[in-house]
Amino acid sequence: MGKTAVKIGANVFQFFTRNPRGGAAKAIDPEDVKAFRLFAEEEGLCTLLAHAPYTINPCGADERVLNFARECFADDLDRMEYTPGNYYNFHPGSHVKQGVEKGIELIVETLDGAMFDGMKTTVLLETMAGKGTEIGGKFEEIAEIISRAKYNDKLGVCLDTCHVYDAGYDIVNDLDGVLEEFDRVIGLERLKAIHLNDSKNPFGSHKDRHEVIGGGSLGLKTFENVINHEKLRDLPFYLETPNELEGYAKEIALLKSRYRD
Ligand code: FE
Ligand code: FE
Ligand code: ZN
């Protein structure tokens with residue numbers, strides 16, 4: 001993964017800890033980890049962002065679903081200790097018919113059960129589009145989870161540009177206003193990473209369909225504003241656009257060309 005990232009001009013990357021649809025993770029080879037860490041240092045690769053599988057629901061209604069999420073979560077956080085100091089990003093989940101309050105309670109329980117004293121990873125809650133009964137489409141929900149969690153000091157937020165726009169935060173016309181709201185509700189010091197995705201759908205649509213950079217309703221200008229914003233420009237940016245490697249290489253080059261030194 002490190003070699004591929006360098007090849008396409010990246011200096012950060014996001015990866016799945018296991019099959020994104022869930023299931024068992026490959027055993028970790030400590031030699032491979034050692035080689036990676038050396039390579040990352042030589043090549044100047046920065047913060048890694050591990051993404052939890054899409055299919056886990058940390059606030060699932062069904063006990064089996066919930067237990068699976070909690071096992072995955074705990075196992076992932078243990079594995080992350082092989083590469084200390086990085087980020088683990090997850091979708092807060094869908095409360096199904098339990099209601100937001102119950103959902104938040106379950107998410108906090110999931111976090112408290114999987115996180116541990118002395119852990120070196122920061123766990124990031126991803127801002128969501130608010131599709132269906134998804135939690136995390138409102139900054140208030142994220143703030144509530146963080147404030148109730150036991151390992152509060154090891155929690156942060158990953159802002160997904162497609163998701164927030166879908167959720168009704170107008171980063172196209174009022175990026176400053178959205179960041180002010182984020183700061184007021186969550187606190188900008190919690191913002192650790194950005195997912196850069198354009199959106200196939202219009203503002204506030206709650207659909208969560210990613211588009212290539214500049215090809216959707218956000219437009220290239222919005223990404224220029226995001227990557228150069230004084231409060232965001234030093235954060236790591238990750239692409240989750242519908243692309244293959246070659247497409248990612250082009251998007252990275254495009255974004256770099258718009259980044260003002
Ligand atoms: Fe995600
Ligand atoms: Fe995302
Ligand atoms: Zn998404």
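The values are calculated or read from the model by the stated rules, or taken from the named source; none is laboratory data. From a predicted model like this one, the values you see are computed outputs, not experimental measurements. Because the Cβ atoms are built from the backbone with ideal geometry, glycine has one as well, and the counts that use them run over all protein chains shown. All accessible areas refer to the heavy atoms of the entire protein, side chains included, with ligands and DNA or RNA removed. Shrake-Rupley method; radii C 1.70, N 1.55, O 1.52, S 1.80 Å.
General observations
- Sequence of S257, S199 from largest to smallest accessible area, 1.4 Å probe: S257, S199
- Built amide H within the under 5 Å cut-off of L239, gap 5+: L196
- Ligands, DNA and RNA aside, F36 has an accessible area near 50 Å² when probed at 1.4 Å.
- Members of K7/K256; K7/K207; K97/K154 lying beyond 21 Å, as alpha-carbon distances in this model show: K7/K207; K97/K154
- Low-density loop cleavage sites - GluC sites (Glu not before Pro) in the range 168-261, where at most 10 other Cβ are within 10 Å (DSSP): E230, E244
- Gain upon complete extension [A25, E101; 0.36 nm per residue less C-alpha separation]: 24.2 nm
- Nearest-10 value in Å² for the accessible area of Y54, using the 1.4 Å probe: 110
- Restricting the range 11-111 to GluC sites (Glu not before Pro) in coil, as DSSP defines it, with at most 11 other Cβ within 10 Å: none
- The chain, accessible area per residue, ligands and nucleic acids excluded (1.4 Å, Å²): 47
- Of K221/K250; K200/K221; K131/K200, pairs whose Cα-Cα distance is over 24 Å: none
- Protein-only accessible surface order, largest first, of I213, I28 at 1.4 Å: I28, I213
- Averaging Cα coordinates gives a centre for the range 101-149 and one for the range 1-60; these two points are 22 Å apart.
- Portion, in percent, of the accessible area of the range 2-258 that falls on carbon or sulfur, probe 1.4 Å: 49
- Additional length obtainable on full extension of the chain from Y54 to R184, 0.36 nm per residue less Cα span: 43.9 nm
- The base-10 log of I(q)/I(0) for the range 94-199, evaluated at q = 0.20 Å⁻¹, reads -1.06 [Debye formula, identical scatterers on Cα atoms, solvent excluded].
- Stretch gain in nm, segment D261-S147, where the contour uses 0.36 nm per residue and the Cα spacing is subtracted: 37.4 nm
- Loop exposure criterion: trypsin sites (Lys or Arg not before Pro), DSSP state outside H, G, I, E and B, at most 10 other Cβ atoms within 10 Å. Applied to the chain, the longest stretch between such sites is 98-259.
- Size descriptors for the chain: radius of gyration and Dmax over Cα atoms are 17.6, 51 Å.
- Going by accessible surface with a 1.4 Å probe and the largest first, L255, L245 read L245, L255.
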